[in-house]
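Peer 1: Could you have a look at this structure, given as structure tokens, before my questions?
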Amino acid sequence: MLEDTDRRILRYLMADPAAPLAELADRAGVTGSTLTRRLERMRARGLIGPVQSVVDWKALGYEVEVSLRVTLDKTQPRAFDEFIASAREVPEVLEIQTFLGQVDVRLLIIARDMAHYQTLYRERLLTLPHITDIEALMHVARVFENEALPL
């Protein structure tokens, strides 16, 4: 269970992950050494993962975002493993999620434009192993996004 101080630290950290530690400690009402100790403890417990940079792929010229819902041939014992291993090799695949139900896998794909997506779809995605059905959902707008937890 988290203490109130840890919750407060996490709230401020989620609100401004790039804030200097001294500023974060001040906002959370703790000393710098207390903040460092608590952050290290939360990292050791797996509550805080490694710091990552978020790259704006649209700024790099990728204008198309597509979500592919894939159904696999579940009569093949290694269908999931082989499909996922092959999908990881496609650089335009940003995310792979697996599900229980009719849809087995969701791939998040980016492409520079529709011509690039069409080539990618025909030459790389449709050739992934064990696909029995695939549905493309073209992303139109991100209406709401929030990764902060209600602490």
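Just so it is clear, none of the values below were taken in a lab; they were calculated from the coordinates. Keep in mind that what you see is a predicted model, and the values were worked out from it rather than measured. Cβ coordinates were reconstructed from backbone atoms using ideal geometry, including for glycine residues, and neighbour counts include every protein chain displayed.
Peer 1: Checking the conditions here, which among Ala25, Ala18 is closer than 21 Å to Ala148 by Cα, more than 15 Å from the chain's Cα centre (by Cα) and assigned to a loop (DSSP other than H, G, I, E, B)?
Peer 2: Only one candidate passes the filter, namely Ala18.
Peer 1: If you don't mind, there's one more thing I want to ask. Using beta carbons and a limit of 7 Å, which pairs, at least six apart or on different chains, have the first residue in the range 93-116 and within 16 Å of Lys74 (Cα to Cα) and free of Cβ contacts under 8 Å to residues at least 40 places away in the same chain and the second one of a type in the set (Gly, Ala, Ser) and assigned to a strand (DSSP E or B)?
Peer 2: Arg106/Ser67
Peer 1: Any idea which of Leu47, Leu2, Leu39, Leu60 is touching a residue at least 12 places away in the same chain (Cβ under 8 Å) and either under 30 Å from Val140 (Cβ atoms) or surrounded by 15 or more Cβ atoms within 10 Å (Cβ to Cβ) (or both)?
Peer 2: Leu39
Peer 1: Ok, one more. Taking Gly29, is it of a type outside the set (Val, Ile, Thr), surrounded by 10 or more Cβ atoms within 10 Å (Cβ to Cβ) and over 27 Å from Glu135 (Cα atoms)?
Peer 2: So Gly29 fits the description; yes.
Peer 1: Still on this structure: It is to be established whether one or more residues within the range 91-107 are hydrophobic (A, V, I, L, M, F, W, C) and assigned to a helix (DSSP H, G or I).
Peer 2: no
Peer 1: Within the range 28-69, can you find the residues that are assigned to a loop (DSSP other than H, G, I, E, B) and among the charged types (D, E, K, R)?
Peer 2: Arg45, Asp56, Lys58, Glu63
Peer 1: With the requirement that a residue be more than 17 Å from the chain's Cα centre (by Cα) and of a type in the set (A, V, I, L, M, F, W, C), what does the range 65-84 give you?
Peer 2: Val70, Leu72, Ala79, Phe80, Phe83 - these are the residues of the range 65-84 that are more than 17 Å from the chain's Cα centre (by Cα) and of a type in the set (A, V, I, L, M, F, W, C).
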